[in-house]
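Every number here is computed from the coordinates shown, using simple stated rules; none is lab data. All of these numbers come straight from a predicted model, not from anything done at the bench. FYI the Cβ positions are ideal-geometry reconstructions off the backbone, even for glycines, and counts take in every protein chain you see.
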Amino acid sequence: DRSGISFRPGLEGVPVTQSAICDIDGMQGRLAYRGYPIAELSAHSSFLETTYLLIWGDLPSPQQLRDFEAEVQMHRRVSFRVRDMMKCFPASGHPMDALQSSAASLGLFYSRRAIDDPKYVYNAVVRLIAKIPTMVAAFKLIRKGQDPIQPRDDLAYSANFLYMLTEREPDPLAARVLDRCLILHAEHSLNASTFSARVTASTLTDPYAVVASAVGTLAGPLHGGANEDVLAMLEEIGSPEHAGDYLDEAIASKRKVMGFGHREYRVKDPRAVILQGLAEELFARFGTDEMYDVAKALEAAAATRLGPKGIYPNVDFYSGLVYRKLGIPRDLFTPVFAISRVAGWLAHWREQLGANRIFRPSQIYTGAQNRTWIPSDERV
Ligand code: SDX
């Protein structure tokens, strides 16, 4: 390479920005947002408070939080034009594709690219945080041929989302567990979708395009899409006594075990530890899920087979079991991840603009040189 910098596939270990948002200690299994340990935030904070913290750097004052919550509540509805557009989507389409398209469509309504104006930034944050859950819930009903349910102003953020999704007012424990899940998924440094968000942000495009590009990136099975695949895998294994054989077979055929492994962690992801606890809280209250026994057996079997390589459950391993107990359909697991990660993407959008330089890395050219064009009838 002419620059003298060695090529690192997947940019492993290559710092591509400075950031004050999120700190991961992958050897100790520690994660903190803006200096606050994730266990503390997920126990005591709310998703909207954590969103404020991530985006503006400090916990809000009581008045700032009340204002932010009220603004988000006021902007939950989406235009009938967006709903009508969603009615044209194929009902068989994946909800992540529907979300990417509808998130991008918000730019048609609100894009002024006045990204230096703090009021524009605040309003864009409010709109995206408020409307993404409404769009996810709307597509769930639209694809069944139903009209979407309007948000309910007397319900807090996560309770309202569950209400729009399940068409029933949720149990307070279920709403709190979902809110805690959203806190846990809100931010995770330079993961692929956040990197995508920062690259898009660096062109000075609007925040709706930033979020839409990140949603598309999150959808893949190596990233957020894994939470959906984990349940399919657990069902394929079927019962705890088959976990070891499944693992041996996957390792022998070099297949990735979904919900395991992480570029940053060499131990169990601290979010997986908390999510497993949340799953157990739900099971104690609403009845267990037989796939939980399969998951635990798989984790135990993996400890000896993959543990020595530093491969342990990641955030996606237990989240699906939690979401399923909350009544969330499987193909909405990744959209729920997206609802939460919008907070992190927007925090990185703002941070990127604070010290912007367009992302434009280099490559090592490995193709042909100095070829001469020949007419097609002379080609063999
Ligand atoms: C998320 O980055 C983030 O922060 C992401 C995330 C977030 O909050 O944003 O935490 C969310 O995306 C979680 C990850 C969800 N994906 C999966 O669960 C899919 C399965 N896991 C992987 O494919 C993998 O572990 C990744 C994608 C998560 C990480 O990939 P890396 O860092 O590029 O690692 P690798 O694929 O190069 O693997 C290194 C070694 C290989 O063995 P060797 O060839 O060196 O012998 O570890 C093995 C791999 O085969 N390995 C696995 C494995 N993960 C890694 N082997 C079996 N099963 C796995 N899951």
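The chymotrypsin sites (Phe, Trp or Tyr not before Pro) of region 293-380 meeting both criteria, a DSSP state outside H, G, I, E and B (loop) and at most 13 other C-beta atoms within 10 angstrom of the site's C-beta, are Tyr365, Trp373.
Mean-square fluctuations from a GNM of the chain, with a 10 angstrom spring cutoff on Cα atoms, peak among Pro308, Pro133, Pro361 at Pro361. Sorted from longest to shortest, the spans of the Cα atoms of region 223-269 along the three principal axes equal 30, 22, 18 Å. If you take the Cα centroid of region 128-166 and the Cα centroid of region 247-267, the two points sit 35 Å apart. Annotation for Leu108 and Met74: the two label points, set 7 Å from Cα along the Cα-Cβ direction, are 2.6 nm apart. Note on the chain: GNM, Cα springs under 10 Å; of Thr194, Thr17, Thr334, the largest mean-square fluctuation is that of Thr17.
Applying 1/(1 + (r/R0)^6) with R0 = 56 Å to the Cβ-Cβ distance of Arg66 and Lys309 gives a FRET efficiency near 0.70.
Determine the shape class of the chain: with a ≥ b ≥ c the square roots of the Cα gyration tensor eigenvalues, call it rounded for a/c under 1.5, and otherwise prolate if a/b is greater than b/c, oblate otherwise. List each step's numbers first, then the result.
Details: a/c = 1.38, a/b = 1.06, b/c = 1.30.
Rounded.
Placing unit charges on the Cβ atoms of the charged side chains and taking the dipole of the chain about its Cα centre, the candidate lying farthest along the positive direction among Phe333, Leu54, Gly4 is Gly4. For region 8-68, a simple Cβ point-charge model (Lys and Arg +1, Asp and Glu -1, everything else neutral) yields a dipole of about 80 debye relative to the Cα centre.
First measure r as the distance between the Cβ atoms of Val16 and Arg266, then evaluate 1/(1 + (r/R0)^6) with R0 = 25 Å and state the FRET efficiency to the nearest 0.05. Display every interim value, and only then the final one.
Working: r = 21 Å, r/R0 = 0.85.
With R0 = 25 Å, the Cβ-Cβ based efficiency is 0.70.
Suppose every K and R has +1 on its Cβ and every D and E has -1 on its Cβ; what is the size of the dipole of region 164-251 about the Cα centre, in Debye to the nearest 20? Using only the charged Cβ atoms, the result is roughly 640 debye. Each label point was placed 7 Å from the Cα along the Cα-to-Cβ direction; for Glu236 and Ala368 their separation is 3.9 nm. Under a model in which nothing but the beta-carbon of Lys, Arg (+1) and Asp, Glu (-1) is charged, the chain shows a dipole of about 1040 debye around its Cα centre.
Of the listed peptides 19-31, 95-107, what is their order by residue-averaged count of other C-beta atoms within 10 Å, with the highest listed first? Could you put the intermediate results ahead of the total?
Details: 19-31: 16.5, 95-107: 21.8.
Highest-to-lowest ranking by the protection proxy: 95-107, 19-31.
Take the residue pairs Lys144/Lys256; Lys144/Lys325; Lys140/Lys325; Lys268/Lys296 and return only those whose Cα atoms are more than 25 Å apart. Before the final figure, lay out the partial values.
Numbers: Lys144/Lys256 33 Å; Lys144/Lys325 21 Å; Lys140/Lys325 17 Å; Lys268/Lys296 13 Å.
Violating the 25 Å Cα-Cα cut-off are Lys144/Lys256.
Considering only Gln276, Met258, Tyr246, and ranking their Cα positions along the charge dipole of region 246-285 that arises from unit charges at the beta-carbon of Lys, Arg, Asp and Glu, the one farthest toward the positive end is Met258. Quick check: from the Cα gyration tensor, does region 215-350 come out rounded (a/c under 1.5), prolate or oblate? Judged from the Cα gyration tensor, region 215-350 comes out oblate (a/c at least 1.5, b/c at or above a/b).
With an a/c value of 1.5 or above and a/b not larger than b/c for the gyration tensor axes a ≥ b ≥ c computed over the alpha-carbon atoms, region 91-171 is described as oblate. Starting from the Cα of Asp58, move 7 Å in the Cα-to-Cβ direction to define the label point; list residues of region 24-44 whose amide nitrogen is under 17 Å from there. Output list for this probe position: 34-36. Packing-based ranking of 38-48, 205-215 yields 205-215, 38-48, ordered from highest to lowest mean Cβ neighbour count within 10 Å.
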